1. Tell me whether the range 138-148 contains one or more residues that are outside any loop (DSSP other than H, G, I, E, B) and either crowded, with 24+ Cβ neighbours inside 10 Å or modelled with pLDDT of 95 or more (or both).
2. For residue 127, indicate whether it is under 28 Å from residue 207 (Cβ atoms), in contact with a strand residue (DSSP E or B) (Cβ under 7 Å, 6 or more places away or on another chain) and at pLDDT 90 or above.
3. Can you find a residue in the range 260-268 that is farther than 24 Å from residue 101 by Cβ and not in a helix (DSSP H, G or I)?
4. Which of the residues spanning the range 9-27 are in contact with a helix residue (DSSP H, G or I) (Cβ under 7 Å, 6 or more places away or on another chain) and not in a loop (DSSP other than H, G, I, E, B)?
5. Going by the conditions given, is residue 95 under 26 Å from residue 652 (Cα atoms) and outside the structural domain of residue 179 (by TED's automatic domain parsing)?
6. Kindly evaluate residue 77 against the criterion of being modelled with pLDDT under 90, assigned to a loop (DSSP other than H, G, I, E, B) and surrounded by fewer than 16 Cβ atoms within 10 Å (Cβ to Cβ).
């Protein structure tokens with residue numbers, strides 16, 4: 001990228017946390033300054049439980065655990081009844097507690113903060129409460145005989161309370177619940193960029209402030225995932241410390257130690273914070289984001305990706321790297337990761353005259369995953385306030401790469417008294433190649449008052465329009481009315497830099513998102529290197545099966561008769577097969593986005609976004625903004641959901657009992673470019689977007705439940721294509737299509753539109769033969785209807801209005817295209833097999849040539865399904881037969 005993104009100085013005016021061994025920032029500073037190790041072993045030791053269940057556990061169970069929270073949490077004073085809060089997941093309680101602290105320090109009480117938003121990095125793995133819900137719903141389908149065989153008198157044993165159905169949507173819905181309880185505005189969503197999540201969230205909050213969409217933001221991270229799944233997954237990946245010691249940059253470090261908790265900061269535009277006389281704890285001057293792309297792989301970090309994020313941050317801030325006098329590193333104690341980070345730091349600071357001091361809070365409390373960056377930032381703010389750099393524990397035998405490098409590990413507490421202003425950096429690097437580097441400095445009134453006089457008080461105008469240049473859709477046919485048949489997901493393996501075994505073990509969300517993305521990319525060809533990926537998702541309840549597999553062995557303790565190991569293994573395998581590293585990577589919640597980063601070598605930022613049914617629209621808004629700010633050169637934007645499973649059905653029935661319809665699996669992906677770039681490259685223009693609004697108008701009601709997280713984006717697709725305006729179109733030759741000699745026939749299925757009386761519903765089964773010679777470039781007028789809606793929790797009807805009936809909206813999209821826009825239909829036809837419920841055949845236009853072979857297929861496993869006999873079996877075959885291309889790649 002040639003343009004350097006602009007960044008307005010952002011003031012940090014409040015901080016709040018709930019962490020292992022620290023319930024307030026003051027308690028955290030006491031622990032840091034006294035060099036305390038805050039790790040512990042809980043009574044329900046996850047490593048012990050895994051071993052008892054015959055699972056692999058490469059840990060002692062030691063970790064960073066939040067203790068005695070119930071003793072300090074006050075549920076009163078929020079905009080939600082105390083009883084409701086106490087019955088909610090601890091994830092919501094931790095977030096409310098930390099945010100309330102931060103707002104109070106900033107000088108604000110909860111209430112009508114409608115111009116304040118909430119963006120949180122949230123690990124999408126199931127929490128204890130969600131697993132409890134899933135377990136109960138699945139067991140409720142079992143026969144009394146099977147429950148008795150498992151040592152359970154009834155399904156009520158593990159399902160002994162009535163969990164809130166909202167838990168099914170725990171990734172994004174909990175953020176919206178928290179915003180409502182705190183009296184904040186409608187900009188509220190979660191992001192997941194693995195370990196870099198909280199810095200990604202803070203960056204998004206800074207962008208919202210810079211564009212004046214909000215006046216204040218609460219941003220940070222939270223990790224409340226069930227420790228069982230973290231210890232199990234990281235053990236399988238060989239990332240867990242078998243010694244249970246968190247030793248960043250240590251010569252004998254043997255892995256990471258997971259931790260839980262929440263950490264947030266309150267942000268304002270610096271000029272506003274000064275004029276409002278807020279306490280200013282620090283000033284953010286720049287944030288760099290990147291992805292390793294194809295270089296590092298999903299498990300291992302890449303030096304070039306880390307350097308790219310760091311270098312971008314210093315360009316944005318217009319600092320020399322050696323102006324910082326403290327770096328809070330990502331360092332987790334993973335030998336390969338720490339070595340890579342030292343190499344990256346050595347590259348960035350190679351011109352430093354004195355070694356740059358570095359440290360890591362993970363030596364005190366372990367790895368907070370999605371909350372790690374925010375906790376590291378608060379450590380830096382505390383160090384600025386106390387003018388001291390706290391030591392990093394276990395620094396007696398530093399990593400050998402530190403010797404002779406331009407950085408040094410802080411082995412003892414030392415005064416922080418630079419010649420000029422105190423400046424620091426915070427790094428976060430995550431699985432899937434996510435990288436983030438944040439630059440912050442202490443507030444000096446005279447310097448910063450002078451600085452803001454040169455900063456515009458209004459957002460930059462004349463932002464470039466953004467074009468939608470490609471569309472991909474993936475929708476297997478499935479229904480909850482009967483145990484579903486096999487659903488097919490077509491993924492061409494040729495050219496994918498991923499072992500076939502790993503492809504087979506992708507989750508349904510990853511597979512659907514990848515399929516839709518490849519279909520869209522096929523329409524435009526190669527993407528620029530600096531492409532960002534923004535994928536709307538919600539939590540995947542199916543991941544809970546891997547924890548219930550452990551629980552299944554514990555249920556047998558209630559049996560009076562012994563059980564043989566073969567029978568126990570059979571019961572466990574009914575819930576989920578044993579996991580290996582490929583399957584762990586296949587269920588990581590950030591990977592629906594970051595797998596695309598890796599396979600397509602997209603080195604721009606990549607993240608999943610969760611805001612309930614508006615998840616896809618939020619992703620769309622983020623992609624548009626990134627292009628308009630010249631932070632990426634192209635954006636892959638989409639949404640994916642696997643809703644055809646019993647947990648989603650149960651939650652929808654409980655939450656909205658008057659709504660009828662069947663959920664479905666599906667994904668929608670768009671490729672965006674700046675309109676000028678699209679025109680220069682001759683790409684088709686399917687629609688033109690202008691500045692998005694995350695607090696936009698509601699999406700009107702339709703009447704079928706379908707793909708939850710994709711609903712808003714698909715509704716926008718329907719509206720965008722159904723505009724009753726004249727389209728401007730032109731034909732652009734495409735040599736690939738001209739030489740293919742293939743015609744596409746589309747059989748549109750019977751459709752009954754919800755807005756039409758049944759007697760006059762449009763029902764046809766017509767065939768259109770389209771010549772392959774041209775690829776039309778079509779410009780649709782801008783639709784104001786694409787703005788995402790983020791409804792508050794107290795209005796269930798408005799929530800329902802967003803995600804009901806997206807299937808009809810999408811069918812209306814196709815029907816309108818067929819009836820009114822024949823040229824546009826040619827582009828849609830190029831999606832080949834991806835039109836929902838449509839029969840598509842391909843035949844050779846030259847009789848002398850054979851008809852093309854159908855795409856290679858694989859089976860999509862999504863969840864355990866109770867069959868008619870009450871037995872559990874996999875919904876789809878757990879082994880996906882892949883047709884490997886003849887060239888063997």
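The values are calculated or read from the model by the stated rules, or taken from the named source; none is laboratory data. What you see is a predicted model, and the numbers here were worked out from it, not measured in a lab. Neighbour counts run over all protein chains shown; Cβ positions are idealised from the backbone, glycine included.
1. Initial filter on the range 138-148 (outside any loop (DSSP other than H, G, I, E, B)): 138-140, 144-148.
Checking the rest, the ones that are also either crowded, with 24+ Cβ neighbours inside 10 Å or modelled with pLDDT of 95 or more (or both) come to 138.
Scanning the range 138-148, I find at least one residue that is outside any loop (DSSP other than H, G, I, E, B) and either crowded, with 24+ Cβ neighbours inside 10 Å or modelled with pLDDT of 95 or more (or both), so the answer is yes.
2. Values: under 28 Å from residue 207 (Cβ atoms): no; in contact with a strand residue (DSSP E or B) (Cβ under 7 Å, 6 or more places away or on another chain): yes; at pLDDT 90 or above: yes.
So residue 127 does not fit the description; no.
3. So in the range 260-268, the residues farther than 24 Å from residue 101 by Cβ come out as none.
No; the residues of the range 260-268 include none that is farther than 24 Å from residue 101 by Cβ and not in a helix (DSSP H, G or I).
4. Step one: of the range 9-27, the residues in contact with a helix residue (DSSP H, G or I) (Cβ under 7 Å, 6 or more places away or on another chain) are 9-25.
10, 11, 12, 13, 14, 15, 16, 17, 18, 19, 22, 25, listed by residue number.
5. It is false that residue 95 is under 26 Å from residue 652 (Cα atoms) and outside the structural domain of residue 179 (by TED's automatic domain parsing).
6. Values: modelled with pLDDT under 90: no; assigned to a loop (DSSP other than H, G, I, E, B): yes; surrounded by fewer than 16 Cβ atoms within 10 Å (Cβ to Cβ): yes.
When the stated conditions are applied, residue 77 does not pass them.
Every residue, every condition in (1) surrounded by fewer than 24 Cβ atoms within 10 Å (Cβ to Cβ); (2) in a helix (DSSP H, G or I); (3) free of Cβ contacts under 8 Å to residues at least 24 places away in the same chain, yes or no:
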residue	(1), (2), (3)
527	yes, no, no
544	no, yes, no
583	yes, yes, no
597	no, yes, no
601	yes, no, no
607	no, no, no
620	no, yes, no
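Okay, residues lined up against (1) in the same structural domain as residue 245 (by TED's automatic domain parsing); (2) at pLDDT 95 or above; (3) crowded, with 24+ Cβ neighbours inside 10 Å; (4) out of contact with any strand residue (DSSP E or B) (no Cβ under 8 Å at 6 or more places or on another chain):
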{"residue": "355", "(1), (2), (3), (4)": "yes, yes, no, no"}
{"residue": "358", "(1), (2), (3), (4)": "yes, yes, yes, no"}
{"residue": "368", "(1), (2), (3), (4)": "yes, yes, yes, no"}
{"residue": "378", "(1), (2), (3), (4)": "yes, yes, yes, no"}
{"residue": "387", "(1), (2), (3), (4)": "yes, yes, no, no"}
{"residue": "401", "(1), (2), (3), (4)": "yes, yes, no, yes"}
{"residue": "422", "(1), (2), (3), (4)": "yes, yes, no, no"}
